Amino acid sequence: MEHYEEHQRDISWLRISEVNDLRRLIRDVPDFPKPGVVFKDITPLLADPAGLAWAVELMAQPFRGKRVDLVAGAESRGFIFGTAVARELSAGFVPIRKLGKLPHHTYRHEYVLEYGSDALEIHRDAIKPGQSILMVDDLLATGGTLAACCRLVSDLGGNVTAAAVLIELRELRGRERLAGYPVFSVLSF
């Protein structure tokens, strides 16, 4: 666990220009989804082949050579980055979905997020006790979604070793809701 925290503090292996290139691919959309909110739109990054590849590499890099049995990601943007990071780490992927979207026996957790409340589900047989799980999402804001995902995985016996996100909105203090889990973010706003 300490390795991930050290890696987050020491990102000297990143060149500032490369991070700035990714930052330029994030579009601000004012007043979405409600007035006063500035939405960080990743669709320009997703459309840029080099930007997407570099973002996935940066999210996977701290976990190379570490035990990661499965990567788990929440619907929907967590699927985009989660499956790509899982492929880079030669790990499997576990989808965490909104209610009623998974076809087999599920386990559910309700949680509060920045714009209301929601619930997430995971297949009850998706994780074997003791498996090492990396949580992946595109954004860490208040931490509600990632905390709910960690809870689902932990309740099924998985060992959440860390969380990796492309973007962290530091002023919303989402890390506090993930106390006890190392968090790695590529970009901070």
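Things to note:
- Subset of segment 116-160 that is in a strand (DSSP E or B) and β-branched (Val, Ile, Thr) - its residue that is nearest to Glu171 (Cα to Cα): Val136
- Top-ranked residue of segment 1-56 - restricted to ones that are polar (S, T, N, Q) and more than 22 Å from Met135 (Cα to Cα), ranked as modelled with the highest pLDDT: Asn20
- Matching residues, segment 154-171, being polar (S, T, N, Q) and touching a residue at least 24 places away in the same chain (Cβ under 8 Å): Asn159, Thr161
- Listed by first and then second residue, the pairs with beta-carbon distance under 6 Å, at least 6 apart or on different chains, first residue in segment 172-189 and under 17 Å from Glu57 (Cα atoms), second among the small types (Gly, Ala, Ser) and in a strand (DSSP E or B), are Val183/Ala163; Phe184/Ala164.
- Qualifying positions in segment 141-155 - open to solvent by 30 Å² or more (accessible area, probe 1.4 Å) and not β-branched (Val, Ile, Thr): Arg151, Ser154, Asp155
- Filtering segment 124-149 to residues that are without any contact (Cβ under 8 Å) to a residue 40 or more places away in the chain and in contact with a helix residue (DSSP H, G or I) (Cβ under 7 Å, 6 or more places away or on another chain) leaves Ala141, Thr142, Gly143, Gly144, Ala147.
- Being among the β-branched types (Val, Ile, Thr), in a strand (DSSP E or B) and farther than 27 Å from Leu22 by Cβ is a property that does not hold for Ile167.
- Within segment 156-177, the set of residues being closer than 15 Å to Gly73 by Cβ and surrounded by fewer than 19 Cβ atoms within 10 Å (Cβ to Cβ) is empty.
- Test result for Ser185, open to solvent by less than 60 Å² (accessible area, probe 1.4 Å), more than 15 Å from the chain's Cα centre (by Cα) and closer than 23 Å to Gly65 by Cα: no
The values are calculated or read from the model by the stated rules, or taken from the named source; none is laboratory data. Since this is a predicted model, take the numbers as computed values, not measurements. Quick reminder, even Gly has a Cβ in these numbers, built from the backbone with ideal geometry, and neighbours come from all protein chains shown. For accessibility, only protein heavy atoms count, side chains too; no ligands or nucleic acids. Shrake-Rupley method; radii C 1.70, N 1.55, O 1.52, S 1.80 Å.
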